[in-house]
Amino acid sequence: MRFTSIVVLTGAGVSAESGIDTFRTKDGLWSKIDYRDVATPEGYAANPVLVHEFYNMRRRKIATVEPNDAHRALARLERGFRGDFLLVTQNVDDLHERAGSKKLIHMHGEHRKALCARCGSRSPWEGDMSVETACPSCGAVGHMRPDIVWFGEMPYQMDRIYDALRLSDLFISIGTSGNVYPAAQFVQEAGRNGAHTIELNLEPSETFDDFDEAIHGPAGKVVPEYVDWLLKL
Ligand code: BV8
């Protein structure tokens, strides 16, 4: 079974072995804080100080961790696969880039980018952000937010993602619980168009039944093994 066009979707589980918190596992982020307070436009409007603290804490953490074997295996797959390849991540960390991935879409935005809610400009961002931060473009203070897609906001580059899903003959979902839409329905979109679909996850996800195949185990182990198999086809 040779493939010509691969789409990969990753979630928080691909970064778990690097030390980044997941959201919905036992002691995940959403067990410590209500997502409505920190990952919605309403939460940001109500308490921007809390939202900045939440993202500053996560951005600082990301600066201290490294990509793991799963990130590196996906970069190797992109380099070694002769067909079309697209990696779509729900994650906002930069571990895929640091592992070498280039054909990459951050559908939920990125920690290392800031968005001015006043002028709409986006800028690279490394340090903390606060209500005193001025926009590098328009200079306004009090309107800066992380360039991250919150609940109720439209994820990025959806047209490009759906085009790739429709053309894919292999869809690989890695480290995601399948709780969040529209990412959770990508498997159906790919399958409807004839792609073979596989889930590589620590445990069965909410959308486990939508997949043709599943390999359960830690991403740092199962992803390199699966990539080795793919590259030998
Ligand atoms: C949208 C911010 C449409 C970034 C996130 C009612 C009203 C409005 C909307 C909705 C609604 N009902 C449904 C929706 C859609 C809503 C939604 O899905 N809600 C859920 C709660 C039901 N979605 C949205 O709002 C999206 N936008 O639909 O817009 C629209 C249409 C028109 C006009 C406007 C809009 C926006 C969704 C994005 C929200 N932002 N976070 C951030 O702070 O990081 S979502 C959040 O969940 C993260 O982005 C995260 O990436 C995402 C998914 O979580 P996972 O990555 O899957 O992580 P999780 O912890 O859940 O699971 C980890 C998995 O890994 C587990 O399965 C675990 O077993 C596994 N694992 C753990 N360790 C390992 C491992 N696997 C392998 N190896 C390991 N070592």
For Val8, distant residues with modelled amide H under 5 Å away: Leu86, Leu87, Val88, Ile172
Mean shadow area of segment 155-233, taken as a quarter of the surface of its Cα convex hull (nm²): 5.3
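So how do 45-56, 108-119 stack up, highest first, on mean other-Cβ count within 10 Å?
108-119, 45-56
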Taking the chain and dividing mean pair separation by its residue count, relative contact order in percent (alpha carbons under 8 Å, at least six apart): 24
Formal net charge of residues neighbouring Leu170 (Cβ-Cβ distance under 11 Å; K, R +1; D, E -1): -3
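Could you give the length gained on full extension between Trp229 and Glu66, defined as 0.36 nm per residue of separation minus the Cα-Cα distance, in nm? Walk me through the numbers on the way to the answer.
Values: separation 163, 0.36 × 163 = 58.68 nm, distance 2.49 nm.
Extra length from Trp229 to Glu66 when fully extended: 56.2 nm.
Over segment 9-155, consider all pairs of different Cα atoms and compute the Kirkwood hydrodynamic radius from their mean reciprocal separation; express it in Å, one decimal. Don't skip to the end; give the middle numbers.
On the way: mean 1/r = 0.0620 Å⁻¹.
The answer is 16.1 Å.
Please sort 226-232, 7-13 by packing, taking for each peptide the average over its residues of neighbouring beta carbons within 10 angstrom, highest first.
On the way: 226-232: 14.9, 7-13: 25.9.
Put in order of decreasing packing, that is 7-13, 226-232.
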Cα Rg over Rh - segment 81-152, Kirkwood: 1.07
The chain - share of DSSP beta bridges that are antiparallel (%, nearest 5): 30
Under the Debye formula (equal points on every Cα, no solvent term), log10 I(q)/I(0) of segment 125-174 at q = 0.21, 0.32 Å⁻¹: -0.85, -1.16
Over the chain: helical MRE at 222 nm, DSSP H runs n ≥ 4 each giving -39500 (n - 2.57), nearest 500: -9000 deg cm²/dmol
22 Å Cα cut-off, lysine pairs counted over segment 1-131 (separation 8 or more, or different chains): 5
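Considering only protein heavy atoms and a 1.4 Å probe, what is the carbon-and-sulfur percentage of the accessible area of the chain?
On the way: 5640 of 11050 Å².
That share works out to 51 percent.
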Mean Cβ neighbour count within 10 Å, used as a protection proxy, ranking 147-156, 171-180 highest first: 171-180, 147-156
For segment 79-233, average projected area of the Cα convex hull in nm²: 10.3
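What is the sum of charges around Lys221, taking Lys and Arg as +1, Asp and Glu as -1, for the other residues whose C-beta is under 10 Å from the C-beta of Lys221?
Numbers: positive: none; negative: Glu17, Asp69, Glu225.
Computed value for this residue: -3.
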Net length gained if the chain between Lys102 and Val141 were fully extended (0.36 nm per residue, minus Cα distance): 10.7 nm
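The values are calculated or read from the model by the stated rules, or taken from the named source; none is laboratory data. Remember, it's a predicted structure, so these values are computed and weren't measured experimentally. Using ideal geometry, Cβ is built from the backbone for each residue, glycine included, and neighbour counts are taken over all protein chains shown. Side chains included, ligands, DNA and RNA excluded: accessible areas come from the protein's heavy atoms. Shrake-Rupley method; radii C 1.70, N 1.55, O 1.52, S 1.80 Å.
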